[in-house]
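Working notes, beginning with the structure itself.
Rule-based calculations on the coordinates, nothing more; no lab input. Please read these numbers as outputs of a predicted model, since none were measured by experiment.
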């Protein structure tokens with residue numbers, strides 16, 4: 001297939017713009033409902049009604065995208081061709097991974113639609129629209145599609161932006177510009193067609209990881225929602241995210257707080273387990289926090305390591321009093337405080353040679369299950385560099401003299417699909433199945449929500 005004609009492409013862009021407006025309104029309505037029907041801690045007042053309203057949000061977003069989905073490949077193909085004809089100075093670095101993310105999300109939506117058709121065709125003849133059997137099966141498709149629809153509502157604007165740039169910028173014609181095009185996009189097979197997708201982008205690999213900055217929150221939130229089944233609600237006009245576990249016993253709150261931790265996790269008491277909590281500062285890398293949240297999501301193994309074992313293996317040493325563990329580079333300190341019947345874990349990352357050099361700190365109550373603490377210490381002791389944007393403002397300035405930043409060119413597809421691969425891996429671990437094949441350059445995505 002070839003790119004759409006200008007008139008047809010313009011009509012398709014108008015339909016995309018309509019979807020973007022409608023999806024924004026759907027999310028705003030959901031935010032308003034969530035604010036009215038949750039308590040101050042974000043727990044649904046009526047979980048059943050809350051779930052039904054979430055299903056309506058998913059269904060409304062799917063219907064809104066239907067006007068775009070049938071020609072979404074044409075939109076991507078035309079945008080890729082427009083980028084190839086633009087001069088290098090007019091190309092935005094973010095376009096490459098955004099186009100890849102949209103293409104990957106569309107593939108998943110198409111797969112979900114095929115699965116739905118197969119499931120629908122296998123339903124009993126009596127299972128018609130409006131029956132519980134039919135509606136539940138369709139609602140499952142809509143729920144699975146929500147993340148991919150959100151990708152389109154978040155990044156679909158790039159197709160409009162590329163078109164506007166193409167209309168207002170003379171096409172390039174020199175050989176140097178054409179060479180630049182090869183580094184931005186390449187032709188790859190896509191079923192019976194050949195489409196244009198981004199090739200490679202530059203990223204920063206930062207070490208030590210404790211100084212890499214917070215990273216992309218969706219590394220935690222999207223994984224909990226999609227792999228762990230956690231439900232979420234948002235308050236309108238409030239910059240926070242609330243996620244509750246399927247059993248409604250745990251609540252994760254992400255909220256900017258200038259005077260306190262940004263991440264708070266609370267778990268109610270259960271049979272044989274006292275209530276516990278954990279909190280993390282804004283600059284705590286999400287990959288380190290995920291060590292705990294991942295362990296909370298997957299089944300506990302009988303051979304789970306104790307909290308100190310990962311630190312011993314990584315060569316951490318105890319301080320002069322023998323009460324705290326220090327990282328080999330001296331930037332991180334973790335200690336288990338006990339006083340009578342009370343105890344807690346406290347970790348802090350700081351620059352020892354700088355006055356007031358605190359970077360971030362974490363607090364885990366003493367009742368936190370040991371295998372969850374071990375998940376945190378394992379991620380803390382890991383010396384794998386973390387992937388971040390090359391944008392210098394994304395790497396905390398205070399730690400720049402103490403970090404090692406390696407610029408690396410990596411496949412754009414690997415960056416765009418990193419979160420997807422993580423979700424699949426966590427889903428497999430939660431089900432007790434073997435994890436998917438290792439992903440190349442598997443680190444956190446450089447995009448922000």
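Descriptive notes on the structure:
- Size descriptors for region 218-355 (Cα atoms only): Rg and Dmax, in that order, 16.8, 50 Å.
- When both region 34-90 and region 201-221 are represented by their alpha-carbon centers, they are found 25 Å apart.
- Debye equation applied to the C-alpha atoms of region 260-311, log10 I(q)/I(0) at 0.19, 0.24, 0.28 Å⁻¹: -0.86, -1.18, -1.23
- Largest-first ellipsoid semi-axes for region 1-88, taking √(5λ) over the Cα gyration tensor eigenvalues, angstrom: 38, 13, 10
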